[in-house]
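Written out below as structure tokens is the structure these notes cover.
The values are calculated or read from the model by the stated rules, or taken from the named source; none is laboratory data. The shown structure was predicted, so the numbers you read here are calculated from the model rather than taken from an experiment. Virtual Cβ from ideal backbone geometry, glycine too; neighbours counted across all protein chains shown. Just so you know, the surface numbers come from the protein's heavy atoms only, side chains and all, with ligands and any DNA or RNA stripped out. Shrake-Rupley method; radii C 1.70, N 1.55, O 1.52, S 1.80 Å.
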Amino acid sequence: MPSRKPSEPAAPPLLECREVKVSFGGIHALSDATLVADRGMVTGLIGPNGAGKTTLFNAITGLHPPDTGLVRLDGEDISQVRPHRRARMGIARTFQRLEVFGSLTVRENVLVAGEIWRRWSKNNEVDVAAQAEELIERVGLRHLARERVDSLPTGPARLVEMARALATNPRIMLMDEPGSGLNEAETDEFAGLLIDLAEEGLAILLVEHDVELVMRVCKRIFVLDFGRMIAEGTPKEIQRNKAVQAAYLGTAA
Amino acid sequence: MDQLLPFTIAGLVTGSIYAVTASGLVVTYTTSGIFNFAHGAIGMFAAFTYWELRVNRHLPAPVALFLVLFVIAPLMGALIERVLMRHLDRAQVVTSLVVTIGLTVMLIGLAQGVWKPEARAMPQFFGDGGFRVAGTFVSWHQTITVILAGGVAAILWYLLTKTRLGVAMRAVVDDRNLASLTGAQPHRISMLSWAIGSSLAALGGILIAPVLQLETIILTFLVINAYAAAMVGRLRSLPLTFVGAFALGLTEAYMIGYVDLKGFWQGLRPSLPTLLLFVILLAMPEERLRANLGRAAGGKAPRVPSLRESLIGVGVLVAAAGLVSFVLGAGDIQRVSQGLAIGVIMLSLVVLTGYGGQVSLAQLTFAGFGAFAMAEWGGGGSIFGLVLAAAIAAPIGALVALPALRLQGLYLALATMAFAVMAREMIFVDKRFFGFNSSLPVGRLDLGPISFDGEVAYMLLLAVVFGLVGVFVLWIRRGPFGRVLSAMGDSPAACATLGLDLTRTKLAVFAISAAMAGLGGALLGGVKSVAGPTDFEVLQNLPILLLAVVGGITTVSGALIGGLSLAVLPVLQERVPDLAGIVFLLTGAAAVSLGRNPNGIAFFLAETFGRFVPWRRGSRGSAEAEAGPPATEEVRKVAVA
Ligand SMILES: Nc1ncnc2c1ncn2[C@@H]1O[C@H](COP(=O)(O)OP(=O)(O)OP(=O)(O)O)[C@@H](O)[C@H]1O
Ligand SMILES: [Mg+2]
């Protein structure tokens with residue numbers, strides 16, 4: 001599927017955030033977050049620690065709806081829709097701090113997601129068990145399929161979350177630092193998987209601290225700093241951007 | 001309207017006591033993030049200590065008061081924080097609830113051990129002296145109570161808003177790491193807040209004991225009224241807590257004075273605070289789903305047995321019951337039957353809490369409805385009675401859950417407890433139900449050709465039923481619904497992002513679990529062949545949850561261990577009457593130890609002996625639980641990092 005420019009007026013972008021604000025008590029975690037992510041490509045979201053990336057994911061998925069601002073999916077405002085409804089509209093995610101189903105096995109984690117999907121999509125044709133096996137194979141967890149997830153190290157556990165998210169057949173997948181916990185070879189494989197998924201038409205919004213990985217897989221990158229979008233562009237443009245460099249240097253301990 | 005003044009004064013006095021107690025609850029909660037279920041028990045224990053010093057040891061009132069309020073109670077609070085609460089994972093709502101419930105039970109046991117139950121007079125301050133206002137007598141004790149409440153309000157307000165320590169105290173609960181960055185020491189602050197909280201609980205207990213009665217249970221459960229008041233301020237706001245306390249105190253007083261409650265509504269007065277608690281809980285806004293809460297209940301569960309294995313388990317259980325029947329006398333056999341019936345009720349908690357992560361303090365109440373159904377429609381032991389017991393309890397469970405669905409963890413637990421109180425005070429005692437101070441005969445199952453009327457037969461029946469319900473529970477666990485339940489228990493937030501409607505899932509699991517509890521109740525009624533309101537006391541819900549968790553809330557064998565212990569432990573007490581309260585002490589201690597090891601006895605046994613059981617090897621199904629503990633640590637670390 002060919003990628004479109006997000007600003008093209010013909011079809012609205014799949015996901016669009018406009019001036020999203022979220023505050024905790026008096027602290028503005030997000031003061032002006034605007035971004036788009038579209039089908040068929042990986043969009044990067046980077047920023048120093050505490051920039052508000054995870055908070056934006058929570059605003060998009062409805063776990064913590066925005067105080068003000070818009071979240072649009074396919075042109076429709078969903079900023080006050082409840083989380084499970086948003087999921088049913090095709091938004092899936094993984095979590096930075098793992099939210100795996102620890103008391104279930106890897107296979108059960110993916111299977112239960114498929115079963116939940118089957119119930120709300122009323123799609124009885126797909127064999128969710130077979131789909132689960134495929135996904136487990138695809139993220140490379142076949143050898144661990146029978147392990148309980150709370151006995152897995154971080155890297156594979158992140159892949160479980162990914163397979164689980166994919167089991168709901170989403171239109172867009174938000175991934176919060178999926179690369180941490182993977183070694184170099186695994187990261188390579190993972191990058192390939194992301195590109196494949198995007199080529200199949202999935203929209204991916206990727207939060208990642210591994211800059212190399214981001215530069216490799218992302219078509220567009222958005223940079224968040226102190227709750228504000230400070231830059232947007234292709235990987236090359238971002239690498240040259242002064243504001244981005246300042247943000248990263250400024251917070252480097 | 002010459003009644004107005006005396007009742008207003010009475011209301012203000014009760015309100016003051018509620019306010020003092022409730023503000024202690026709020027202080028510990030805002031600072032440590034742990035809801036102290038044992039708050040009332042601490043107050044009770046302190047009141048007894050005061051009585052001991054003042055009456056038994058003849059210390060002057062000011063000295064005794066000083067010792068209790070400023071030495072003993074704060075030390076107790078600090079000790080509790082240091083030993084029990086500090087290492088508690090605050091996110092594990094069930095564990096922290098169970099640990100404080102365990103502490104409650106333990107303190108009751110301790111008090112009953114030290115102060116043998118007998119009538120004791122708790123002196124009022126300045127004896128019976130007082131003065132008259134517009135013809136109404138006001139005692140010094142009442143005056144002092146109101147003044148002290150005002151003093152507590154002023155001191156807390158000053159402490160929390162005007163001192164650096166207070167600001168730090170309020171910061172701790174929101175973000176421990178942040179608080180320590182700003183130079184505050186969360187542990188010391190938390191310890192201090194427990195000391196202050198205990199001191200306030202003590203003051204509340206000492207003030208109310210002369211008015212009520214110096215009795216362990218009554219004093220301990222007075223705290224429910226404080227919960228209601230504290231909930232008005234959502235456990236955070238002290239001013240609102242005071243408002244709630246006085247509103248509650250005055251309403252209670254005016255109701256005694258002006259409202260003549262008849263029939264069904266007689267139960268309204270004792271359940272008024274709970275009713276208020278229930279209403280406030282229902283009016284609370286929906287909580288946000290939060291990520292990173294961690295599993296609500298239990299630690300790891302042993303792997304799930306296959307169908308073949310669980311059927312073998314049933315066989316072993318029934319055979320064991322058969323063997324036991326040759327050894328035990330009729331009385332002891334009845335005990336075992338009782339344990340098995342309670343075990344069935346605990347199995348309902350395995351599904352609800354162990355798998356689904358929802359807490360309920362009303363399972364015994366559902367059981368009460370089941371027993372009633374059996375008594376009413378089960379005649380001489382018709383199987384329809386048992387079916388109806390489950391069928392009637394299910395919608396009641398759903399009904400309780402319905403308004404409570406928006407609530408999570410702690411609030412849900414309190415709402416179910418409030419329901420339990422209301423059912424006990426308003427429904428069970430109704431004459432169309434069991435009736436006040438009365439009971440109904442409950443038949444034992446009779447299948448025409450086979451009757452289970454004999455003690456041995458009934459015990460064997462219960463062993464079979466427990467086994468079958470256990471197989472049912474494991475069947476659920478292995479199927480799609482069980483997977484969804486476990487997923488919800490592990491991470492509600494992740495479930496929602498997969499598109500799961502949590503509300504419907506919770507409704508379903510409450511209904512199923514209540515049905516199981518109802519069945520258990522019908523069988524429990526059959527053990528003694530009668531059932532009445534006193535068999536389903538609200539208090540008894542606590543040991544049921546406690547021992548289910550101690551046994552192992554995620555396993556069928558845990559329910560068996562829990563049920564049998566609950567039935568058999570009192571025997572110990574009967575045989576050694578000197579150890580009054582030992583049961584309380586033991587269960588309490590076991591529950592308290594959960595803070596360190598939340599897995600329960602069944603898990604321990606499975607881990608220790610499981611590998612030696614030959615037919616467990618090479619089975620299909622879930623993964624072995626033994627795989628790599630170090631790796632678990634890693635996941636954990638990331639999750640809390
Ligand atoms: N529940 C919360 N309560 C209070 N403050 C919060 C909460 N969640 C996040 N914050 C604050 O909001 C800001 C943004 O946090 P967020 O987790 O979104 O950052 P992030 O970009 O994901 O950082 P990281 O790269 O470390 O994951 C931080 O200052 C954080 O302390
Ligand atoms: Mg983050």
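For the reader, a short list of remarks on this structure follows.
- Qualifying position, being more than 9 Å from every other protein chain (Cβ to nearest Cβ) and either among the aromatic types (Phe, Trp, Tyr) or touching a helix residue (DSSP H, G or I) at 6+ places or on another chain (Cβ under 6 Å) (or both), among A:GLN80, A:GLN131: A:GLN131
- Only a single criterion out of (1) touching a residue at least 40 places away in the same chain (Cβ under 8 Å); (2) under 24 Å from B:THR143 (Cα atoms) is not satisfied by B:MET231, namely (2).
- Selection within segment A:20-38 - more than 9 Å from ligand 1 (Cβ to nearest atom) and either over 13 Å from A:LYS219 (Cα atoms) or surrounded by fewer than 21 Cβ atoms within 10 Å (Cβ to Cβ) (or both): A:VAL20, A:LYS21, A:GLY26, A:SER31, A:ASP32, A:ALA33, A:THR34, A:LEU35
- The condition of being free of Cβ contacts under 8 Å to residues at least 24 places away in the same chain and within 16 Å of ligand 2 (Cβ to nearest atom) holds for only one of A:ARG82, A:ARG97, A:ARG93, that being A:ARG97.
- So A:LEU45, is it of a type outside the set (Gly, Ala, Ser), more than 8 Å from chain B (Cβ to nearest Cβ) and either under 24 Å from A:THR234 (Cα atoms) or open to solvent by less than 10 Å² (accessible area, probe 1.4 Å) (or both): yes
- Residue check: B:PHE37 meets all listed conditions (1) assigned to a helix (DSSP H, G or I); (2) surrounded by 18 or more Cβ atoms within 10 Å (Cβ to Cβ) but one, namely (1).
- Selected residue [near ligand 1 (Cβ under 9 Å from one of its atoms), modelled with pLDDT under 95, small (Gly, Ala, Ser) and out of contact with any strand residue (DSSP E or B) (no Cβ under 6 Å at 6 or more places or on another chain)] from A:GLY50, A:GLY75: A:GLY50
- Residue check, B:ILE512 touching a helix residue (DSSP H, G or I) at 6+ places or on another chain (Cβ under 7 Å), within 14 Å of chain A (Cβ to nearest Cβ) and closer than 12 Å to B:VAL351 by Cα: no
- Close contacts from segment B:279-290, counting a first residue that is closer than 12 Å to B:LEU405 by Cα and a second that is modelled with pLDDT under 80 and open to solvent by 60 Å² or more (accessible area, probe 1.4 Å), with Cβ to Cβ under 9 Å and a gap of 6+ residues or different chains, come to B:LEU282/B:ARG406; B:MET284/B:ARG406; B:PRO285/B:ARG406; B:GLU286/B:ARG406; B:GLU287/B:ARG406.
- Some residue of segment A:63-70 being open to solvent by 20 Å² or more (accessible area, probe 1.4 Å), under 19 Å from the mean Cα position of the chain (by Cα) and within 10 Å of chain B (Cβ to nearest Cβ): yes
- Considering segment A:90-104, and only residues there that are modelled with pLDDT of 95 or more and out of contact with any Asp or Glu (no Cβ under 8 Å at 6 or more places or on another chain), the residue that is farthest from the other protein chains (Cβ to nearest Cβ) turns out to be A:GLY90.
- Checklist (1) touching a strand residue (DSSP E or B) at 6+ places or on another chain (Cβ under 9 Å); (2) farther than 22 Å from A:GLY179 by Cβ; (3) more than 16 Å from ligand 1 (Cβ to nearest atom) applied to A:ARG88, failing item: (1)
Each row is one residue, and each column tells you yes or no for (1) away from ligand 1 (no atom under 16 Å from the Cβ); (2) charged (D, E, K, R).
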residue: A:ALA157; (1), (2): yes, no
residue: A:GLU161; (1), (2): no, yes
residue: A:ASP176; (1), (2): no, yes
residue: A:GLY179; (1), (2): no, no
residue: A:ALA185; (1), (2): yes, no
residue: A:GLU189; (1), (2): yes, yes
residue: A:GLU199; (1), (2): yes, yes
residue: A:ALA203; (1), (2): yes, no
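- Segment A:201-220: number of residues that are within 16 Å of ligand 2 (Cβ to nearest atom) and under 14 Å from the mean Cα position of the chain (by Cα): 6
- Hits in segment B:365-424 - residues which are open to solvent by 10 Å² or more (accessible area, probe 1.4 Å) and small (Gly, Ala, Ser): B:ALA375, B:GLY379, B:GLY380, B:SER382, B:ALA390, B:ALA391, B:ALA394, B:ALA398, B:GLY409
- Candidate set from segment A:231-253 (those that are within 13 Å of ligand 1 (Cβ to nearest atom) and either under 22 Å from A:VAL22 (Cβ atoms) or among the β-branched types (Val, Ile, Thr) (or both)); member that is least open to solvent (accessible area, probe 1.4 Å): A:ALA247
- So A:ALA247, is it more than 16 Å from ligand 2 (Cβ to nearest atom) and either in a helix (DSSP H, G or I) or at positive phi (or both): no
- Any chance A:ILE221 is open to solvent by 50 Å² or more (accessible area, probe 1.4 Å), within 16 Å of ligand 1 (Cβ to nearest atom), away from chain B (no Cβ under 14 Å) and within 15 Å of A:LYS53 (Cα to Cα): no
- Subset of segment B:48-65 [in contact (Cβ under 8 Å) with a residue 40 or more places away in the chain and farther than 14 Å from B:LEU214 by Cβ]: B:ALA61, B:LEU65
- Test: residue in segment A:140-147 that is open to solvent by 30 Å² or more (accessible area, probe 1.4 Å), aliphatic (A, V, I, L, M) and not assigned by TED's automatic domain parsing to the domain that holds A:ARG18: yes
- Between A:GLU137, A:GLU108, the distinction of being of a type in the set (Asp, Glu), more than 16 Å from ligand 1 (Cβ to nearest atom) and surrounded by fewer than 19 Cβ atoms within 10 Å (Cβ to Cβ) belongs to A:GLU137 only.
- Just one residue in the set A:GLY52, A:GLY40, A:GLY26 is away from ligand 2 (no atom under 16 Å from the Cβ) and over 23 Å from A:PHE190 (Cα atoms); that residue is A:GLY26.
- Number of residues in segment B:543-557 that are within 14 Å of chain A (Cβ to nearest Cβ) and either hydroxyl-bearing (Ser, Thr, Tyr) or over 9 Å from B:MET346 (Cβ atoms) (or both): the value is 3.
- Across segment A:171-200, the qualifying residues are those that are open to solvent by less than 20 Å² (accessible area, probe 1.4 Å) and over 18 Å from A:MET215 (Cα atoms), and the one among them that is nearest to ligand 2 (Cβ to nearest atom) is A:MET173.
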